[in-house]
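Novice: The structure under discussion is supplied below as structure tokens; questions concerning it will follow.
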Amino acid sequence: MEMVNIKINGMPLSVPNGISILEAARYAGIEIPTLCFLKKINQIGACRICMVEVKGARSLVTACVYPVNEGMEIFTNTEKVRRSRKLTLELILSTHDKKCLSCVRSGNCELQKLCKEFGVDDEDYFKGENVRYDFDDSAAHMIRDNNKCILCRRCVAACDNQNISVIGANARGFDTHIGSAFEKDLADVSCISCGQCIVNCPTGALREKDETDKVLEAINDPEKFVVVHTAPSIRVTLGECFGMHLGTNVQGKMVAALRRLGFDKVFDTDFGADLTIMEESNELLERIQNGGVLPMITSCSPGWIKYCEHYYPDQLDHLSTCKSPQQMQGAMIKTWYAEKMGIDPKNIFVVGIMPCTAKKFENKRDDQNASGYPDVDVSLTTRELARMIESAGIYFNHLPDEEYDNPMGDSTGAAVIFGTTGGVMEAALRTAVVKITGQENDSPLEFTEVRGLQGVKEATYSVAGMDVKVCIASGMKNAKIVMDKVRAGTADYQFIEIMGCPGGCVNGGGQPIQHAVVHNFVDLTAIRASALYETDKAMPKRKSHENEAVKRVYEEFLGKPGSHKAHEVLHTSYVPRPKYK
Amino acid sequence: MVKKISKIPFNGTPEQEARLKEVINESKHDKSLLMHVMQQAQLIYGYLPFEVQVMIAEGMDIPLEKVYGVSTFYAQFALSPSGKYSISVCLGTACYVKGSKDVLAKICEKLGIEPGECTPDGKFSIEACRCIGACGLAPVMMVNDDVYGRLDPSQVDGILDKYMA
């Protein structure tokens with residue numbers, strides 16, 4: 001690598017040639033503020049907050065996109081630079097709806113943080129005429145409030161990176177606003193509800209639809225038996241909301257907090273995940289043996305399912321008919337568990353804690369009500385749970401570690417890794433190999449080929465003389481690559497795992513929001529994912545079919561995987577959706 | 001100003017569609033030709049309604065929102081058709097100080113549409129334009145190629161009635 005010698009604030013430094021001033025400053029231990037910049041996906045130099053002085057340059061330059069070269073002298077904190085940044089912030093504030101007191105992002109807002117740092121104390125400096133925008137709350141999962149939008153276009157970049165591109169900048173000049181084609185509501189375009197726009201928004205312009213009120217209402221209703229279950233990835237991300245290090249596993253404290261919030265039972269969606277593996281691996285083997293539609297594709301990710309329905313409506317036969325773990329869990333709670341406990345499913349209220357905004361869409365889908373009532377009543381994101389814990393005054397960091405309730409608190413390592421790309425595949429392989437070979441003890445536990453954050457992964461395994469070729473994709477840009485092959489008939493895989501968000505659920509649209517500086521300089525997804533693999537490694541049971549509760553439900557209720565009963569309770573159907581309407 | 005999206009039902013002909021498809025086929029190898037395709041489409045249809053933009057988006061393999069974004073960025077693209085009689089009211093400086101805004105308001109009131117829109121029967125469209133170089137006649141309006149000067153709002157009824165027939 002060719003190195004160049006530069007000076008940052010007078011400090012001599014040798015850095016790789018051609019990197020941006022922003023990156024070079026990191027080498028000097030200096031964080032240059034950014035608002036619009038997202039590494040690789042939004043390098044547009046639009047917000048002008050990262051301006052720095054370069055000796056000899058005619059004017060200030062944008063550090064995020066300006067490359068360093070030999071002998072460059074950079075100043076990041078001069079009076080001129082500070083004045084420029086303050087002016088930029090005042091201009092942004094002139095059209096910003098400053099409802100900071102109750103804004104969902106207050107305290108975690110990138111704009112608010114900068115205003116504080118730069119001492120912007122006259123937020124009405126450029127006060128003038130403003131365009132008022134109506135909220136777009138048409139979609140099941142989110143609200144767009146353009147009055148808080150600063151036009152950084154990070155949401156647009158995130159949507160483009162997902163290959164969805166249903167939002168963009170409309171009109172020009174003072175009227176520029178983020179919206180969809182022909183100003184349609186988000187519910188009327190082919191948005192997949194992944195929420196990647198939300199986790200990339202610097203302000204409170206985009207947020208999930210908060211449903212915590214419904215949950216509190218149910219908890220306070222003496223008639224309701226309120227059951228909560230937490231998705232695999234939540235245990236390694238929730239801690240971020242309470243200032244813990246990235247990748248801290250807070251399972252025990254999370255369970256304790258949920259109990260203190262007043263939930264009657266605290267279950268682990270890992271049970272639903274293990275059950276999914278039982279049903280899905282059975283469905284796969286049946287399809288292979290009976291000449292069914294192959295490759296079969298996983299159906300755990302509702303963002304991916306909605307993508308397939310909008311963009312590949314002719315390929316729905318490839319989708320596994322299995323409900324997602326969230327829905328399986330809910331369905332089992334309101335059927336088997338309700339029956340066991342003698343509770344009318346009408347009075348059971350199931351809450352899923354999910355890394356995902358698309359789950360809010362999923363639980364309202366048709367054909368997701370095995371008991372005659374919705375399998376899951378409310379789906380909350382990790383962020384909503386954190387807010388509930390905060391507002392209840394629960395001192396999260398000081399909670400004792402507690403265990404999930406029985407019986408649906410039982411879990412395996414296979415279920416835990418559902419939270420990262422390749423995890424469902426690995427879990428399925430662990431069980432499928434045992435099923436095919438009949439050998440429990442000698443079969444492999446770790447399938448490293450399917451791990452990692454590459455967009456598309458392939459592997460072939462030889463099991464009892466049969467070659468099983470698998471493929472894993474995460475993020476819809478990668479899904480498109482795989483699905484175009486499926487449509488063309490050139491995808492010679494038996495089994496494909498697709499997750500809606502890049503990197504899988506650990507990078508889901510419902511996860512704690514980290515500022516752009518974290519996304520730009522830390523591999524957030526990899527850290528969260530490795531915490532899941534560590535958790536898996538430490539589990540006494542690591543194969544889904546070893547889950548005791550799963551064994552029991554087959555003995556007591558479902559019979560065997562793929563049974564008539566299992567189909568009634570645990571499987572679902574899909575509908576083609578238009579790309580435009 | 002935010003452009004008005006026409007609510008008039010799309011009534012493109014197979015001939016128009018064939019011509020647009022031809023333009024798209026010549027251009028789809030290069031996404032940077034999007035503006036060219038949109039300009040041609042506007043020549044063919046007179047404006048760029050939803051149905052036309054979807055054809056362009058699909059044909060060029062560019063998301064519809066990107067096409068729409070371009071169509072709302074540049075003043076040259078229209079989202080509403082021109083009427084049989086296209087009315088332009090000059091809002092240039094001279095006409096403006098002579099009260100052309102009142103003339104425009106009167107026309108809008110009479111036709112029940114706003115600047116940038118077309119009447120449902122396709123007969124009239126209104127736009128506010130910049131100086132047309134007839135400041136001596138201010139305030140000025142044009143109906144297609146007919147110029148009307150030294151206007152006051154009370155004359156609007158009489159002028160429009162000529163075209164209503």
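The values are calculated or read from the model by the stated rules, or taken from the named source; none is laboratory data. The structure displayed is predicted, hence computed values, not measured ones. We place every Cβ from the backbone using ideal geometry, glycine too, and count neighbours over all the protein chains shown. Ligands, DNA and RNA are stripped out before the accessible areas are found, and what is left, the full protein with its side chains, is counted by its heavy atoms. Shrake-Rupley method; radii C 1.70, N 1.55, O 1.52, S 1.80 Å.
Novice: Inside 10 Å of the C-beta atoms of B:49-57, what's the mean count of C-beta atoms belonging to other chains?
Specialist: 2
Novice: Can you pull the percent of the protein assembly as shown's accessible area that's carbon plus sulfur, 1.4 Å probe, other chains left in place?
Specialist: Solvent-exposed carbon and sulfur of the protein assembly as shown make up 50 percent of the total.
Novice: Given chain B, what percent of its DSSP beta bridges are antiparallel, to the nearest 5? Before the final figure, lay out each step's value.
Specialist: Details: 7 of 13 bridges.
Approximately 55 percent, going by the DSSP bridge assignments.
Novice: Going highest first, how would you order B:134-141, A:96-103, A:69-76, A:204-211 by mean Cβ packing within 10 Å? List each step's numbers first, then the result.
Specialist: Working: B:134-141: 19.9, A:96-103: 14.5, A:69-76: 16.6, A:204-211: 21.5.
Per-residue Cβ counts within 10 Å, averaged per peptide and sorted highest first, yield A:204-211, B:134-141, A:69-76, A:96-103.
Novice: Just the Cα atoms of segment A:213-570, one point each, no solvent: what log10 I(q)/I(0) does Debye give at q = 0.08, 0.09, 0.14 Å⁻¹?
Specialist: Debye output, listed in q order: -0.35, -0.45, -1.14.
Novice: Another question, then. Return the calculated 222 nm mean residue ellipticity for chain B, to the nearest 500 deg cm²/dmol, obtained by summing -39500 (n - 2.57) across DSSP H runs with n ≥ 4 and dividing by the residue count.
Specialist: -13000 deg cm²/dmol
Novice: Let me ask another. Using the basic label-point model (7 angstrom from Cα toward the beta carbon), what is the A:Asn5 to A:Asp213 distance in nanometres?
Specialist: In this crude label model, A:Asn5 to A:Asp213 measures out at 6.5 nm.
Novice: Let me ask something additional. How large is ³J(HN,Hα) for each residue in segment A:313-320, as worked out from phi by the Karplus curve 6.51 cos²θ - 1.76 cosθ + 1.60 (θ = phi - 60°), to whole Hz, x for Gly and Pro?
Specialist: x, 7, 10, 5, 4, 6, 6, 4
Novice: For a 32 Å ceiling on Cα separation, which of these pairs sit above it: A:Lys224/A:Lys435; A:Lys214/B:Lys66; A:Lys457/A:Lys543; A:Lys435/A:Lys565; B:Lys3/B:Lys110; A:Lys209/B:Lys110?
Specialist: A:Lys224/A:Lys435; A:Lys214/B:Lys66; A:Lys209/B:Lys110
Novice: While we're here: Using only the Cα atoms, what convex hull volume per residue in Å³ does segment A:110-205 have?
Specialist: In segment A:110-205, the Cα convex hull volume per residue is 107 Å³.
Novice: Once amide H atoms are built 1.01 Å from N in the peptide plane, which residues 5 or more positions from A:Ile297, or in another chain, come under 5 Å H to H?
Specialist: A:Leu319, A:Ser320, A:Ile496
Novice: Okay, next question. Two decimals is fine: what's Rg over Rh for segment A:3-77, C-alpha atoms, Kirkwood radius as Rh?
Specialist: Reported Rg/Rh (Cα atoms, Kirkwood Rh): 0.93.
Novice: Give, as a single signed number, the net charge of other residues whose beta carbon lies under 9 Å from the beta carbon of A:Pro407, with Lys and Arg counted +1 and Asp and Glu -1.
Specialist: -1
Novice: Right, another one. When the Karplus curve 6.51 cos²θ - 1.76 cosθ + 1.60 is applied with θ = phi - 60°, which whole-Hz ³J(HN,Hα) does each residue of segment A:152-165 get, with x for Gly and Pro?
Specialist: Per residue, the Karplus-derived 3J(HN,Hα) values read 6, 6, 5, 5, 5, 5, 5, 5, 5, 5, 8, 6, 9, 6 Hz.
Novice: Taking H as built 1.01 Å from N, whose amide H comes closer than 5 Å to the amide H of A:Val4, not counting residues under 5 places away?
Specialist: HN-HN under 5 Å from A:Val4: A:Val15, A:Asn17.
Novice: Kindly write out, for segment A:437-453 in residue order, the coupling ³J(HN,Hα) from the Karplus curve 6.51 cos²θ - 1.76 cosθ + 1.60 (θ = phi - 60°), rounded to whole Hz, with x marking Gly and Pro.
Specialist: So the J values, rounded to whole Hz, are 8, x, 9, 7, 7, 8, 6, x, 10, 10, 10, 5, 4, 8, 8, x, 9.
Novice: By a straight-distance test (C-alpha under 19 Å), which lysines pair with A:Lys80 as possible cross-link partners, with residues fewer than eight away in the same chain excluded?
Specialist: Output for A:Lys80: A:Lys7, A:Lys55, A:Lys116.
Novice: A further question on this structure: So what's the convex hull volume per residue for the Cα atoms of segment A:279-432, in Å³?
Specialist: Dividing the Cα hull volume of segment A:279-432 by its residue count gives 150 Å³.
Novice: Count, for each residue of B:64-76, the Cβ atoms from other chains sitting within 10 Å of its Cβ, then give me the mean as a whole number.
Specialist: 6
Novice: For A:Met142, enumerate residues with amide H under 5 Å from its amide H, sequence gap 5+ or separate chain, H modeled in the peptide plane.
Specialist: Here the answer is A:Lys209, since their amide H atoms fall under 5 Å of that of A:Met142.
Novice: Based on DSSP H runs of at least 4 residues, each adding -39500 (n - 2.57), what is the mean residue ellipticity at 222 nm of chain A after dividing by all its residues, to the nearest 500 deg cm²/dmol?
Specialist: -9000 deg cm²/dmol, from helical runs alone.
Novice: Calculate, in whole percent, how much of the Cα-Cα pair population of the protein assembly as shown lies beyond 39 Å.
Specialist: Percentage above 39 Å: 46.
Novice: Do any of A:Lys253/A:Lys346; A:Lys113/B:Lys7; A:Lys127/B:Lys123; A:Lys265/A:Lys477; A:Lys98/A:Lys265; A:Lys184/A:Lys334 go past 32 Å between their Cα atoms, and which?
Specialist: Pairs exceeding the cut-off: A:Lys113/B:Lys7; A:Lys127/B:Lys123; A:Lys265/A:Lys477; A:Lys98/A:Lys265; A:Lys184/A:Lys334.
Novice: A further question on this structure: At a Cα cut-off below 19 Å, give the aspartates and glutamates reachable from A:Lys86, other chains included and same-chain residues fewer than 8 away excluded.
Specialist: Qualifying aspartates and glutamates at Cα under 19 Å: A:Glu31, A:Glu53, A:Asp97, A:Glu110, A:Glu117, A:Asp121, A:Asp122, A:Glu123, A:Asp124.
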